[in-house]
Amino acid sequence: MEKPILVFQTDFTYKEGAVCSMYGVVKSTDRTLEIFDGTHEIPHFDTWSASYRLYQSMRFWPKGTIFVSVVDPGVGTARKACIAKTKDGYYIVTPDNGALTHLKEYVGIEEVREIDEAVNRLKSTEGTSIFHGRDLFGYCAAKLASGIITYEEVGPAYSIDEIVVHEIHQPTFSEGKAEGIFEICDPNFGNLWSNIPVDEFIEKGFNYGDIINLTIRHENEVVYHEKVPFAKSFGFVKQGEPVVYTNELMKVAVAISLGNFRETYHVDFGHDWVVELEK
Amino acid sequence: MEKPILVFQTDFTYKEGAVCSMYGVVKSTDRTLEIFDGTHEIPHFDTWSASYRLYQSMRFWPKGTIFVSVVDPGVGTARKACIAKTKDGYYIVTPDNGALTHLKEYVGIEEVREIDEAVNRLKSTEGTSIFHGRDLFGYCAAKLASGIITYEEVGPAYSIDEIVVHEIHQPTFSEGKAEGIFEICDPNFGNLWSNIPVDEFIEKGFNYGDIINLTIRHENEVVYHEKVPFAKSFGFVKQGEPVVYTNELMKVAVAISLGNFRETYHVDFGHDWVVELEK
Amino acid sequence: MEKPILVFQTDFTYKEGAVCSMYGVVKSTDRTLEIFDGTHEIPHFDTWSASYRLYQSMRFWPKGTIFVSVVDPGVGTARKACIAKTKDGYYIVTPDNGALTHLKEYVGIEEVREIDEAVNRLKSTEGTSIFHGRDLFGYCAAKLASGIITYEEVGPAYSIDEIVVHEIHQPTFSEGKAEGIFEICDPNFGNLWSNIPVDEFIEKGFNYGDIINLTIRHENEVVYHEKVPFAKSFGFVKQGEPVVYTNELMKVAVAISLGNFRETYHVDFGHDWVVELEK
């Protein structure tokens, strides 16, 4: 059987030698393992974004792929280090600090095990407690991928109910109206992604081509209120104009064609960024 | 026969999960495919730079390598999605939006085919129209690399004359004089690269060691005019001093030794940035 | 025998096509070679940082791994191009310009050879002298990794004493006191890493849980002086508070919990940044 691929995401950036050291440990454990960068530019200490990025990309990888997510503000403290297995057959090696939020809610966690540091931690670096990406998560993931340990040998299972999660906000709908939050952004193009599934949105009477009353509130104050077209892609509106569109995860999102909505209108994501769409 | 390597370039950055999702689709199509990053930091929507970066790096890869270039401001609109084959044996999977400009001009396109979305698009994501890097270009490139489809099965061929290209500016020469434009920069070190081939430059009487009258005009206004040495490398002038040199593609370029010409003199690239060199 | 992995570090960034061209040359030399990014974000021309990053990550890779380090302000000039072999069995392909400093001091260099450009330079690009990462270091490293040349065939050996090195500063100790410099930073999280080994530090009477008098001087002027706890990790102090901790290389370092010490206190690294710790 083919060994699973390892996909890493962290808030380390590639500016110095941390990612390189981490990958070195993997290749020293098993030279044949295949490693991919997810992203190393998760915002510092942002376990919500870590959770969302896992949810965003995981489904596109082969079943069995092992994701290593190291956004770990509590490194070296009592927070659990775990490996979760999703109901659709992927593994996530991560501190149990909220990074499993979206997968638990939208995909389902089948099993979770606490990494036993006594056997699954790199021995040569035991004097330091601040780089578990290299010494614990990366190393243990490599052992699992390689077949050196089974999933059961990661460490003891614990209750899925104990997994640390962030609060997830659900959108609300009525005929011709939908309300949700911006739950993440595209930090590159400056698009904002809501938590409103397009399927339900369309069910409530919205169609491509509609002009929509779009209202964005931050802490209950209106920061944006305009009529904006709902279109299949950016190019259906003129350069510089806003558009409501269906994003890559089939959720309602907003953008500026050839522009940056987030920077232009100083809009961001989080539970206090409410988006309302009305016909 | 070995399967070709896939080299990706985009304007996505690595800040979030887009590249990761795209590569997941490739590995789900064929686990054995080999993927490399070209660059994911093409300036947003800049199909000229996309074209130049393909031209810059392609020749150094093994024949048969498949380049996937996704700088796609028109994603989801009527612009063609294509796979071109160069006269020297490489493939480029790209929106037909100018990204083939330099390869068509300097290498030659042997054949170009429009991707048939009915058969070569990822089925599971058909509800969204804004991520063809993942759903069309990456997926179809993986099928081609894997041998699941032949080049002919990409879709119908169309005339090479129909390929969308940007205007290419040609340098002009007289004895002891050359004029061209800065056609691209090195955004890292701040060097500016002209479109003047060094071979012709030297033929017109320029030699390493010469002191050259270098004039740079922007929209016909002189923004830089100095005597600058022509040298084989940066270290032949003192730190902080400008130099005319032969760049990695054998074109005339300008730099500051251990400095940044572009930022220091507020010089940039494009058809309205004219460079004149005179003995 | 398995071919060694190639790990590259440069100051090129991934913004344009340089890394891509360099890796293309490797894969054209031997399609089966495995390439990893170390970092391509070494500060421009900073051979000290190049040296430190090699030292930071190398030990975690399989023995025999070949590191290619291209921070090369003197490209095309008389500086030597070399391949060094460490006493613990790694290879480094680099300009001999200080990049071997830490490995020579802390690991030991067993042998060093000057690359013979007459045989180990890419022929097709001989008209340009400014991209040895692609044309010399990457190409020669690929030949060595592939087994096309032996280590002896790289070129003539020269004396290890001739290797260009930066000055290394040693820490000083007395009972209950340690003094050193910040020799590098973590540019991502803003932590500062001293040259003081934790083992000696603890030997001089310091223990986790101690409150330490931490003094930082720049050019003999005190820029920071506070009582700071010595802890195993960041999370043992409150958010926003400073901490003295044991870094990933078992040296004494300073950080702000969930913050950025370097930016907050305008502290940096170098021989003129002295750190003093007293009980």
Any idea which residue in the stretch B:43-80 is nearest to C:Asp135 (Cα to Cα), counting only those that are touching a Phe, Trp or Tyr at 6+ places or on another chain (Cβ under 9 Å) and of a type in the set (Val, Ile, Thr)?
B:Thr65
In the stretch C:215-245, residue nearest to A:Ser129 (Cα to Cα) [restricted to those that are of a type in the set (Asp, Glu) and in a strand (DSSP E or B)]:
C:Glu226
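What about B:Asp72, is it assigned to a strand (DSSP E or B), within 30 Å of A:Glu183 (Cα to Cα) and not aromatic (Phe, Trp, Tyr)?
No: the conditions fail for B:Asp72.
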Residues being of a type in the set (A, V, I, L, M) and surrounded by fewer than 19 Cβ atoms within 10 Å (Cβ to Cβ) - total across the stretch B:82-108:
1
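With the condition kept exactly as written, say whether any residue in the stretch B:197-208 is of a type in the set (A, V, I, L, M) and more than 10 Å from chain C (Cβ to nearest Cβ). Steps first, please.
So in the stretch B:197-208, the residues of a type in the set (A, V, I, L, M) come out as B:198, B:202.
From what's left, more than 10 Å from chain C (Cβ to nearest Cβ): none.
Checked against the condition, which is being of a type in the set (A, V, I, L, M) and more than 10 Å from chain C (Cβ to nearest Cβ), the stretch B:197-208 yields no hits at all.
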Counting just the residues of the stretch B:67-81 that are surrounded by fewer than 23 Cβ atoms within 10 Å (Cβ to Cβ) and more than 7 Å from every other protein chain (Cβ to nearest Cβ), which one comes out farthest from B:Ile160 (Cα to Cα)?
B:Ala78
Of everything in the stretch A:219-230, what is surrounded by 16 or more Cβ atoms within 10 Å (Cβ to Cβ) and either in contact with a helix residue (DSSP H, G or I) (Cβ under 8 Å, 6 or more places away or on another chain) or closer than 14 Å to A:Phe261 by Cβ (or both)? Give them in sequence order.
A:Tyr224, A:Val228, A:Pro229
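Can you pull out every residue in the stretch B:28-46 that is farther than 15 Å from B:Cys140 by Cβ and surrounded by fewer than 24 Cβ atoms within 10 Å (Cβ to Cβ)? Can you show your working first?
Within the stretch B:28-46, the subset farther than 15 Å from B:Cys140 by Cβ is B:31-32, B:34, B:36-46.
B:Arg31, B:Thr32, B:Glu34, B:Phe36, B:Asp37, B:His40, B:Glu41, B:Pro43, B:His44, B:Phe45, B:Asp46, listed by residue number.
How many residues does the stretch B:1-11 hold that are more than 10 Å from chain A (Cβ to nearest Cβ) and closer than 24 Å to C:Glu16 by Cβ? Can you show your working first?
Here is the first cut: in the stretch B:1-11, the residues more than 10 Å from chain A (Cβ to nearest Cβ) are B:1-9.
If we keep only those that are closer than 24 Å to C:Glu16 by Cβ as well, we get B:4-9.
The qualifying residues number 6.
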Right, A:Thr77: of a type in the set (S, T, N, Q), touching a Gly at 6+ places or on another chain (Cβ under 8 Å) and assigned to a loop (DSSP other than H, G, I, E, B) or not?
yes
Specify which of the listed residues (C:Tyr55, C:Tyr14) is surrounded by fewer than 24 Cβ atoms within 10 Å (Cβ to Cβ) and under 14 Å from the mean Cα position of the chain (by Cα).
C:Tyr55
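If you go through the stretch A:82-122 one residue at a time, how many are within 13 Å of chain C (Cβ to nearest Cβ) and either under 20 Å from the mean Cα position of the chain (by Cα) or in a helix (DSSP H, G or I) (or both)?
2
With C:Gly190, C:Gly176, C:Gly180, C:Gly155 as the choices, which residue is in contact with a strand residue (DSSP E or B) (Cβ under 9 Å, 6 or more places away or on another chain) and closer than 28 Å to A:His40 by Cβ?
Values: C:Gly176 fails: closer than 28 Å to A:His40 by Cβ; C:Gly180 fails: closer than 28 Å to A:His40 by Cβ; C:Gly155 fails: closer than 28 Å to A:His40 by Cβ.
Step by step, each of C:Gly190, C:Gly176, C:Gly180, C:Gly155 is checked, and only C:Gly190 is in contact with a strand residue (DSSP E or B) (Cβ under 9 Å, 6 or more places away or on another chain) and closer than 28 Å to A:His40 by Cβ.
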Given (1) out of contact with any helix residue (DSSP H, G or I) (no Cβ under 8 Å at 6 or more places or on another chain); (2) assigned to a loop (DSSP other than H, G, I, E, B), identify the lone condition not met by C:Ile148.
(1)
List, please: which pairs have Cβ atoms under 7 Å, are six or more places apart or on different chains, and start with a residue in the stretch B:201-214 that is at positive phi and end with one that is in a loop (DSSP other than H, G, I, E, B) and exposed (fewer than 15 other Cβ atoms within 10 Å of the Cβ)?
B:Gly205/B:Glu175; B:Gly205/B:Gly176
Any idea how many residues of the stretch A:12-57 are part of a helix (DSSP H, G or I), more than 8 Å from chain C (Cβ to nearest Cβ) and of a type in the set (Ser, Thr, Tyr)?
7
Counting just the residues of the stretch A:255-279 that are under 23 Å from the mean Cα position of the chain (by Cα) and under 16 Å from A:Lys177 (Cα atoms), which one comes out surrounded by the most Cβ atoms within 10 Å (Cβ to Cβ)?
A:Val275
For the stretch B:163-195, enumerate the residues that are within 14 Å of chain C (Cβ to nearest Cβ), closer than 30 Å to B:Arg113 by Cα and not charged (D, E, K, R).
B:Ile184
Under 9 Å between Cβ atoms, at least 6 apart or on separate chains: pull out the pairs that start in the stretch B:232-261 with a residue that is facing chain C (nearest Cβ under 7 Å) and within 18 Å of B:Asp199 (Cα to Cα) and end on any residue that is part of a loop (DSSP other than H, G, I, E, B) and basic (Lys, Arg).
B:Tyr245/B:Lys232; B:Thr246/B:Lys232
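Each value in this text was obtained by applying a stated rule to the coordinates, not by laboratory testing. Model, not experiment: these values are computed from the prediction. Quick reminder, even Gly has a Cβ in these numbers, built from the backbone with ideal geometry, and neighbours come from all protein chains shown.
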